[in-house]
Amino acid sequence: MRIGIISDIHGNIEALSALPGQFDELWVLGDLVNYGPNPAEVVDYVKANATVVIRGNHDHAVGLGGDPRCSAPFRAMAEAMQKYTMAVLSDKHKRFLRELPLKIDRNLEGVKVSLCHAVPSDPLFAYCPPESDRWADEIRAVTGDVLLVGHTHLPFQRELGGKRVVNPGSLGQPKIGRPAACYAVWDTSLSAHPISLRTFEYPVGETIRKIEALPLPAEIKSSVALVLRHGGLL
């Protein structure tokens with residue numbers, strides 16, 4: 001079985017539409033919306049194509065009209081883009097987002113898998129970078145052999161206590177220093193290294209063009225475009 005694992009799409013339909021490869025299942029680790037210009041199209045795509053979908057902090061905030069609790073450099077962007085996102089999504093879209101589960105456990109050909117957006121103890125909001133010592137405690141508390149997470153937009157794999165934590169990075173708003181969309185592939189036919197972290201180029205210029213056409217303050221559009229163009233804040 002071949003599983004595509006994506007996270008943090010953030011309304012970027014260009015990146016989502018360009019996802020390469022054929023998959024038996026598509027697993028989405030949250031944050032379908034906010035920051036990007038096409039939240040409705042992303043939600044519709046995920047509803048039609050994903051097997052597993054987790055609620056992220058931005059899905060939660062948009063679905064319930066709450067605070068995504070972003071870090072200070074992203075707060076103004078998130079607030080402005082959330083107002084836009086909530087204005088263009090239907091009530092049906094918002095209901096879909098707020099009803100997504102916070103956690104899911106799966107069994108993949110005998111491997112127990114736990115999925116959440118941030119960390120198991122705080123699945124919506126906790127920011128836990130790749131090198132954090134906190135992962136040892138987080139992965140110890142889950143029943144799965146593999147823990148799949150998103151939220152930080154930073155791809156990584158770590159083995160801790162005989163278990164593995166994997167973050168595919170962000171598909172729609174990568175923060176790896178370049179505008180390459182990030183994802184992971186789990187190929188159960190590969191016994192040695194079944195999960196691989198991957199990147200691909202997508203038409204980021206088209207996404208930026210859409211951002212620049214939105215009815216938003218110029219400084220907000222410039223900041224969002226900067227993140228997309230450079231893979232993070234400079």
Subset of the stretch 84-122 that is without any contact (Cβ under 8 Å) to a residue 40 or more places away in the chain and of a type in the set (G, A, S) - its residue that is nearest to W27 (Cα to Cα)
S114
Taking the condition of being at pLDDT below 95, over 19 Å from P20 (Cα atoms) and either of a type in the set (S, T, N, Q) or part of a strand (DSSP E or B) (or both), how many residues in the stretch 186-234 meet it?
1
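Is it the case, given these coordinates, that S170 is crowded, with 18+ Cβ neighbours inside 10 Å, hydroxyl-bearing (S, T, Y), touching an Asp or Glu at 6+ places or on another chain (Cβ under 9 Å) and closer than 27 Å to F74 by Cβ? Explain how you work it out, then say what you get.
Values: crowded, with 18+ Cβ neighbours inside 10 Å: yes; hydroxyl-bearing (S, T, Y): yes; touching an Asp or Glu at 6+ places or on another chain (Cβ under 9 Å): yes; closer than 27 Å to F74 by Cβ: yes.
Yes; evaluated as a whole, the condition is true for this residue.
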Scanning the stretch 144-164 for residues that are under 21 Å from V28 (Cβ atoms) and over 15 Å from the mean Cα position of the chain (by Cα) gives G144, D145, V146, Q157, R164
Report, ordered by the first and then the second residue, all pairs with beta carbons closer than 8 Å, sequence separation of six or more or different chains, a first member in the stretch 145-168 that is small (G, A, S), and a second member that is in a strand (DSSP E or B).
G150/N167
It is to be established whether one or more residues within the stretch 153-174 are modelled with pLDDT under 95 and in a loop (DSSP other than H, G, I, E, B).
yes
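Yes or no, residue by residue, for (1) out of contact with any helix residue (DSSP H, G or I) (no Cβ under 9 Å at 6 or more places or on another chain); (2) surrounded by 21 or more Cβ atoms within 10 Å (Cβ to Cβ):
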site: E131; (1), (2): yes, no
site: R134; (1), (2): yes, no
site: G150; (1), (2): yes, yes
site: P179; (1), (2): no, yes
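Just a yes or no: is a residue in the stretch 101-114 of a type in the set (A, V, I, L, M, F, W, C), surrounded by 21 or more Cβ atoms within 10 Å (Cβ to Cβ), under 14 Å from the mean Cα position of the chain (by Cα) and part of a loop (DSSP other than H, G, I, E, B)? Outline the logic, then answer.
The initial filter retains those residues of the stretch 101-114 that are of a type in the set (A, V, I, L, M, F, W, C), namely 102, 104, 108, 111, 113.
Narrowing the set further to residues that are surrounded by 21 or more Cβ atoms within 10 Å (Cβ to Cβ) leaves 113.
Of the ones still in play, those that are also under 14 Å from the mean Cα position of the chain (by Cα) are none.
Within the stretch 101-114, none of the residues are of a type in the set (A, V, I, L, M, F, W, C), surrounded by 21 or more Cβ atoms within 10 Å (Cβ to Cβ), under 14 Å from the mean Cα position of the chain (by Cα) and part of a loop (DSSP other than H, G, I, E, B).
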Pair list, Cβ under 8 Å, 6 or more apart: the stretch 60-83 residue among the polar types (S, T, N, Q), other residue surrounded by 14 or more Cβ atoms within 10 Å (Cβ to Cβ):
S71/Y127; Q82/N34; Q82/H58; Q82/A61; Q82/V62; Q82/P68
Restricted to the stretch 18-31 and to residues being under 15 Å from the mean Cα position of the chain (by Cα) and in contact (Cβ under 8 Å) with a residue 40 or more places away in the chain, the residue farthest from G231 (Cα to Cα) is W27
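The values are calculated or read from the model by the stated rules, or taken from the named source; none is laboratory data. Just so we're clear, the structure is a prediction, and the values are computed from it rather than from any experiment. Neighbour counts are summed over all protein chains in view; Cβ atoms, including those assigned to glycine, are modelled from backbone coordinates with ideal geometry.
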